[in-house]
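First the structure, in the form of structure tokens, and then the observations on it.
FYI, it's all coordinate maths here, none of it is from the lab. Owing to the predicted nature of the structure, the values given are computational and were not obtained by experimental measurement. As a convention, Cβ positions derive from the backbone with ideal geometry for all residues, glycine included, and neighbour counts pool all protein chains shown.
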Amino acid sequence: MLFNRLYQPDIDLDTLEVRPQLQLSTSAESRLSLHWIGVLREFVRGSLAASSGVHTGADALKLLLAGADVVMATSALLRHGPEHLRELRREVVTWMDERDYDSVRQLRGSVSRANVPDPDVYDRANYFQVIHSWNSARH
Ligand SMILES: Cc1cc2nc3c(=O)[nH]c(=O)nc-3n(C[C@H](O)[C@H](O)[C@H](O)COP(=O)(O)O)c2cc1C
């Protein structure tokens, strides 16, 4: 499972106490799982479960495309309630229908590191390009 988001305490700067504070995740946190599932898919024979930052159908789809066998959601269900699963599933099915996918199996891992034309997009070697794109977006 990549990655379990462990409980993260906070420090109160007035009392210097370590405080328990539940902070739910955001979609942005799914990028760490997406990266490593995409890289590891070709090396791991066992199942890969994606956890952390799965809030929308888009989050789920990206992780499946990277190579996850299943995706898991905790924060999203705490925030929106268990009925949110229906919406998440609807978004996934709509996206698949629009692109004529019949099953998740057809798309799973199709954008993993082993299956993209330029594997560098998954690697650190790509840093220069990433930083450059950040600059261009703002100037
Ligand atoms: C209230 C709460 C309780 C959790 N309890 C556990 C637990 O007992 N064991 C565990 O391994 N992870 C636990 N987690 C971590 C979740 O399994 C998951 O890794 C984490 O919430 C990241 O996924 P998310 O972005 O969908 O929330 C808990 C998370 C929350 C928010």
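So the values come out like this:
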{"quantity": "Student exercise, the chain dipole from Lys, Arg, Asp, Glu Cβ charges, in Debye to nearest 20", "calculated": "280 debye"}
{"quantity": "Rounded tilt (10° steps) of 30-40 against the dominant C-alpha axis of the chain", "calculated": "50 degrees"}
{"quantity": "Percent RCO, i.e. relative contact order, over the chain, from Cα pairs under 8 Å lying at least 6 residues apart", "calculated": "22 percent"}
{"quantity": "Cα-based helix-to-principal-axis angle, 127-138 vs the chain, degrees rounded to 10", "calculated": "80 degrees"}
{"quantity": "Whether the chain is rounded, prolate or oblate, judged on the alpha carbon gyration tensor where a/c under 1.5 counts as rounded", "calculated": "oblate"}
